[in-house]
1. Between Ile122 and Arg48, what is the spin-label point distance in nm, taking each point 7 Å from the Cα along the Cα→C-beta axis?
2. Name the shape class, rounded, prolate or oblate, that the alpha-carbon gyration tensor gives for segment 385-427, where a ≥ b ≥ c are the square roots of its eigenvalues, rounded holds for a/c under 1.5, and otherwise prolate holds if a/b is larger than b/c and oblate otherwise.
3. If each of Ala167 and Ser146 carries a label point 7 Å out from its Cα toward its Cβ, how far apart are those two points in nm?
4. On a full-extension model of 0.36 nm per residue, what is the gain between Glu324 and Ile18, subtracting their alpha-carbon distance, rounded to one decimal in nm?
5. Once the dipole of the chain is set up with Lys and Arg at +1 and Asp and Glu at -1 on Cβ about the Cα centre, which of Val186, His299, Leu398 lies farthest towards its positive end?
6. Go ahead and run the numbers for FRET between Ser357 and Gln392, Cβ-Cβ distance against an R0 of 60 Å, rounding to 0.05.
7. With a point put 7 Å past each Cα toward its Cβ, work out how far Leu451 is from Glu408 in nm, to one decimal.
8. So what's the back-of-envelope 222 nm ellipticity for the chain, counting only DSSP H runs of four-plus at -39500 (n - 2.57) apiece and dividing by all residues, rounded to 500?
Amino acid sequence: MAEATTEFELALKFVRSIELPHPDGQLLECFLQDSADPVQAARYMLQRCFVDGGGLDLESFVSDWKQLINMFAHKGPTYQLHDKAVIANIIARDRGRCCITGLGNSFWDPLVVAPILPAKKIHVDEKLHEIFGAFVGPDLRDWVLSNANATSNPYRNYWLVRKSAAAAFSEGLFQFAIGKGSEYRVTVIRIGGPAWPPIIEKTPVLRTDHFTTQSLSCVDSPDAFALQIMSRFAKPIRWALVSREIASKISNRVPNLPAASRWCCFSEWGTAVVLMVWLLVPVLIRVRAYRGLICLGAHMYGPSCSLKVQRLPLGMYVKVASMEYHDSLANEYAAIQLVRRHTEIPVPRALDLVSDSDKSYLLTTRVSGIRLGMCIDTLSDDEETTLVCDLQRSLAELRAIPKVVAPEYAITNALGKACYDYRIIAGLNIDSDGRDFVGPFVTEEEFNDTLRVGALPHVSHRSGHQIVFTHGDLNMRNILMRNGRLSGIVDWENSG
């Protein structure tokens, strides 16, 4: 068993040690990790790729693997079932709801009786039989090669699903795990992006259900082999589609244009004049205007990834916080101005910070782009290299910002006051006045003392670091991309 495990680990290490065009590395990892028997798959890969004399034949392996994946990928219109009696029985068997999502019928996205496999007969070239068996196992391979899926029993090959769910399933966005009896588990596969079919957002990441046959004893359940085949290929299909998207981007590449919103239609001078006049409007009226825009923005654009943030018309965003967290918005307002003054980092423009008796509102311009976390799978190797350079340059500029506020303190926020960081706050007791802020700190040692935990009272971070300005929450939600380049960094409330 130890030797077998070593073979799998050796194959995985081998794949990860070679520089391959993205996403070929992920495709090879799928061959190992999503196979029916990872040890046998690893053994096959090692035997095939290490030819006599110690050379490598990886190119041929990757080519055959991609060709095999394409045989199970969606290729357009599928074969249909026309027997109305059979269709009615399948609808009854599946209880009038989608087998994938559990949803009922919809006028805009109707339930349909659709095939499980993309073709009535899947032809696998003879030269691919060996790699096919290494991936799915001999039983599933023989089932496909014997044309069992083209059986005359339509109940095994068809199921009731939402139309959009059927398309998403054929593109690898859903993966099934067959349990005991008629139970099964559906997992959403979020590989690729940034755009997802709406049905993905309506489906739980993990959903458990079961097939029913008791009501119609003559009607079989959907074929478990067909579901297993498509589920084995779900992640490989997703990465194959990513590969096509990257190839399409490279062939249709357009010059990178500077990120812009409708505010850029105004000159800097014109924007400043309009903003200056608007800020003369009484606070109460501005607050009411922002509340109205929030309702309009929610109707037009839906919710954002944060409950505190809402996209607005006219190229704007608003962040809302209760009054006890007003200082965090004030810090973000100051940090954005500081970064714009000292660097070329693409950040929003802070337009207004206003409060009423209950809440504070931070109004900013919108920075065009897509969150990195939504498009990282589809970045080409060149785009990834460019992004790294863009981030390195931006961080170097950020760390070079001089500290002119509260010189008596070493560690503060952008205003020279107490810092807001939810990760630190999570390990501390809230202050007696209920404020979730720490500092400011005269020295790094004082800051490190605050980070001590009761379970390890004698453990502390070392000091002596250079104190520089930092974003404080730089992650893939706050980094924006456009046309393969860094287009913006947002959410500066933790900075200091």
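1. Spacing of the two 7 Å Cα→Cβ label points: 1.6 nm.
2. Working: a/c = 4.29, a/b = 1.49, b/c = 2.88.
Taking the square roots of the gyration eigenvalues as a ≥ b ≥ c, segment 385-427 is oblate.
3. 3.6 nm
4. Details: separation 306, 0.36 × 306 = 110.16 nm, distance 5.19 nm.
Separation in residues times 0.36 nm, less the Cα-Cα distance, equals 105.0 nm.
5. His299
6. Working: r = 45 Å, r/R0 = 0.74.
That gives a FRET efficiency of 0.85.
7. With each label placed 7 Å out from Cα toward Cβ, I get 2.5 nm.
8. On the way: 19 runs with 203 residues, N = 496.
Taken over the chain, the calculation gives -12500 deg cm²/dmol.
Here, each number is a calculation from the coordinates, and none is a lab measurement. This structure is a prediction, so every number in the text was calculated from the model and none was measured. Note that each Cβ is placed from the backbone with ideal geometry, even for glycine, and that neighbours are counted across all protein chains shown.
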